[in-house]
Amino acid sequence: MNEPAPVAAVQTQEELNPFRVSQQQFARALPYIPQLKKGLIEFLMSPVRTIELCFPVEMDDGSVRTFRAYRVLHNRVRGPGKGGIRYHPDVTADEVRALAGWMTWKCAIVDVPFGGAKGGVVCNPKELSESELRRITRRYISDLGENIGPHTDIPAPDLYTDERTMAWIYDTYDMMHPGRNNLPVVTGKPIDLGGSYGRKEATGRGLLYATEQLLRHGLVAGLQQLNGAKLVVQGFGNAGFTAARLFHERGAVLVGASDSQGGIYQPDGLDPFAVHAFKQQHGTVVGMPGTRTVTNPELLELPCDILVPAALENQITAANAANIQAKVICEAANGPITPRADDILTSRGVVVLPDVVANAGGVTVSYYEWVQNIENEQWELDEVNAKLRKKMSAAVDAVVQRWEDLVKKFPTLPPDTPPIQLRTAAYLVAIERVSHVALERGIWP
Ligand code: NAD
């Protein structure tokens, strides 16, 4: 039996910088691909381009504020860069770098012909009016200039951006490039502006299909089906609410939900539509009648079968991983679990369906939207969902198969070697696919 070489030394202080977390995750796969050309490793671990912008915007009251923004292109070996744009006060260059890399691996795992990219604007959308958000978006996109385009780098929604933001992005780009079909420059657009049926709910729906497929493989001890499973969702936004309502349709019982202001718990079950309606009316899920208020850290530790983090990075760390009661964690958010938390969860038998597989439904239907835009077509919802199910199931199968092969090949690991996880297998599948195409194309020149 070949033993994998040990990876980087165990750290004493937990790494929470998302970019370094993503590099650690990548490094954990490397011992299992000794055939990977050494010179490619640094290339695959680093973004090929990081754009940092700084621009002034006139506010509604006549004052002027300066905003900082990023667009990172991680890799374009398998196709144009693809990735969402996030509006959040805590956006940093390293966060966007991490998110761009995760996009590269995600697109390879679901096998859509895109590379990875991501964007972010440092702002607090809750404190901005619609017209201020529109001016920020227009200025950001016009300053990005030729760095985005239908065949080079294609944005999409992410945290605190939505169809409305995508419509402004399209309009700005179209004003700058008149006289041609610019619809494929951005995905997640409104349906009457070239959006695809099923895109808005694609991340949550993809999570459902991926989770169902994982359960079919029988990898989660004591959980064979969604029917009757207790569900907790952190982050009741687009991805979280859609997942909650679709899991609920399959018989899962939503017992906890949260947003940025806190969470609610009701062990007898919550109606996801009622939670959504309450949040629409009151701006938060907190205070919903008949529920107990919990903090976000408490919410993660509630008794349940399935935990869906659908908010931000670094929610499950070495500090709380030992307290998680779920049998399986399905990562709708990007990067919610640190590598050290991953190991603690594995040692306790908690299965993690990693982000690069679990939330890939969004980019998959973004790809379908892009194809429809190029061909001037509009597919039926059933067709989109059937294609999505096939892609998500195939992605889970490929990752589970790789994981089973690895575990069989390496039944014991050297001391201090992280356990083989579904995340390790997912990275392997992705790195192999991207590096294979890189070498097939030939290193330029
Ligand atoms: P969204 O803006 O629609 O919703 C985010 C939700 O998270 C909101 O309800 C917000 O209140 C809540 N939230 C914010 N901070 C929180 C905190 N500290 N604790 C708990 N909840 C908090 O965003 P979204 O599009 O649903 O994205 C959520 C996550 O899913 C992000 O990590 C994003 O990268 C990931 N994701 C989204 C897509 C997509 O297509 N939208 C695709 C793949 C992955």
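The values are calculated or read from the model by the stated rules, or taken from the named source; none is laboratory data. None of these values were measured; they are calculated from a predicted model. Methodologically, a virtual Cβ is constructed for each residue, glycine included, from the backbone with ideal geometry; neighbour enumeration extends over all protein chains shown. What goes into the accessible areas is simple: the full protein's heavy atoms, side chains included, and nothing from ligands, DNA or RNA. Shrake-Rupley method; radii C 1.70, N 1.55, O 1.52, S 1.80 Å.
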With criteria (1) within 14 Å of the ligand (Cβ to nearest atom); (2) aliphatic (A, V, I, L, M); (3) open to solvent by 30 Å² or more (accessible area, probe 1.4 Å); (4) farther than 30 Å from Ile109 by Cα, Ile264 comes up short on (3)
Can you find a residue that is closer than 26 Å to Pro184 by Cβ and among the β-branched types (Val, Ile, Thr) anywhere in the stretch 55-69? no
For the subset of the stretch 196-210 comprising residues that are open to solvent by 30 Å² or more (accessible area, probe 1.4 Å) and within 12 Å of the ligand (Cβ to nearest atom), which member is farthest from Ala252 (Cα to Cα)? Lys200
Which of the residues belonging to the stretch 311-330 are touching a strand residue (DSSP E or B) at 6+ places or on another chain (Cβ under 6 Å) and assigned to a loop (DSSP other than H, G, I, E, B)? Ala311, Gln315, Ala326
I'm checking my understanding of the structure. Among residues of the stretch 178-193 that are open to solvent by 20 Å² or more (accessible area, probe 1.4 Å) and in contact (Cβ under 8 Å) with a residue 12 or more places away in the chain, which one is nearest to Ser142 (Cα to Cα)? Leu183
Within the stretch 410-423, identify whether any single residue is in a helix (DSSP H, G or I), surrounded by 13 or more Cβ atoms within 10 Å (Cβ to Cβ) and at pLDDT 95 or above, and answer yes or no. yes
Scan the stretch 343-365 for residues that are outside any loop (DSSP other than H, G, I, E, B), within 17 Å of Ala425 (Cα to Cα) and open to solvent by less than 10 Å² (accessible area, probe 1.4 Å) and jot them down. Leu345, Leu353, Asp355, Val356, Val357, Ala358
Within the stretch 130-162, residues more than 16 Å from the ligand (Cβ to nearest atom), small (Gly, Ala, Ser) and open to solvent by less than 10 Å² (accessible area, probe 1.4 Å) come out as Gly149
Need pairs with beta-carbon distance below 7 Å; first residue more than 17 Å from Thr293 (Cβ to Cβ) and within the stretch 257-282, second near the ligand (Cβ under 8 Å from one of its atoms) and part of a helix (DSSP H, G or I); sequence gap 6+ or separate chains. Pro272/Phe241; His276/Phe241
Pairing a residue in the stretch 313-326 that is hydrophobic (A, V, I, L, M, F, W, C) with any residue that is assigned to a helix (DSSP H, G or I) and within 15 Å of the ligand (Cβ to nearest atom), where Cβ atoms lie under 7 Å and the two sit 6 or more apart in sequence or on different chains, gives Ile316/Leu300; Ile324/Leu300
Given (1) more than 12 Å from the ligand (Cβ to nearest atom); (2) assigned to a strand (DSSP E or B), where does Val308 come up short, assuming only one miss? (1)
Among (1) surrounded by fewer than 17 Cβ atoms within 10 Å (Cβ to Cβ); (2) under 22 Å from Leu208 (Cα atoms); (3) touching a strand residue (DSSP E or B) at 6+ places or on another chain (Cβ under 9 Å), where does Gly290 come up short? (2)
For Val384, the lone unmet condition from (1) open to solvent by 20 Å² or more (accessible area, probe 1.4 Å); (2) under 20 Å from the mean Cα position of the chain (by Cα); (3) within 16 Å of the ligand (Cβ to nearest atom) is (1)
Tally time: how many residues in the stretch 66-85 are more than 14 Å from the ligand (Cβ to nearest atom) and of a type in the set (Gly, Ala, Ser)? 3
Can you list residue pairs whose Cβ atoms sit under 7 Å apart, with the first residue in the stretch 140-152 being closer than 14 Å to Met166 by Cβ and the second being open to solvent by 10 Å² or more (accessible area, probe 1.4 Å) and of a type in the set (A, V, I, L, M, F, W, C)? Count only pairs 6 or more apart in sequence or on different chains. Tyr140/Leu53
Looking only at residues that are in contact with a helix residue (DSSP H, G or I) (Cβ under 6 Å, 6 or more places away or on another chain) and part of a helix (DSSP H, G or I) in the stretch 331-342, which one is nearest to Asp305 (Cα to Cα)? Ala341
Take the conditions within 10 Å of the ligand (Cβ to nearest atom), small (Gly, Ala, Ser) and surrounded by 14 or more Cβ atoms within 10 Å (Cβ to Cβ) and apply them to Ala321. Does it pass? no
Condition check for His88: surrounded by fewer than 23 Cβ atoms within 10 Å (Cβ to Cβ), within 12 Å of the ligand (Cβ to nearest atom) and modelled with pLDDT of 95 or more: yes
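Would you pick out the residues in the stretch 366-378 that are more than 15 Å from the ligand (Cβ to nearest atom) and either assigned to a helix (DSSP H, G or I) or touching an Asp or Glu at 6+ places or on another chain (Cβ under 9 Å) (or both)?
Listed by number, the residues that qualify are Val371, Gln372, Asn373, Ile374, Glu375.
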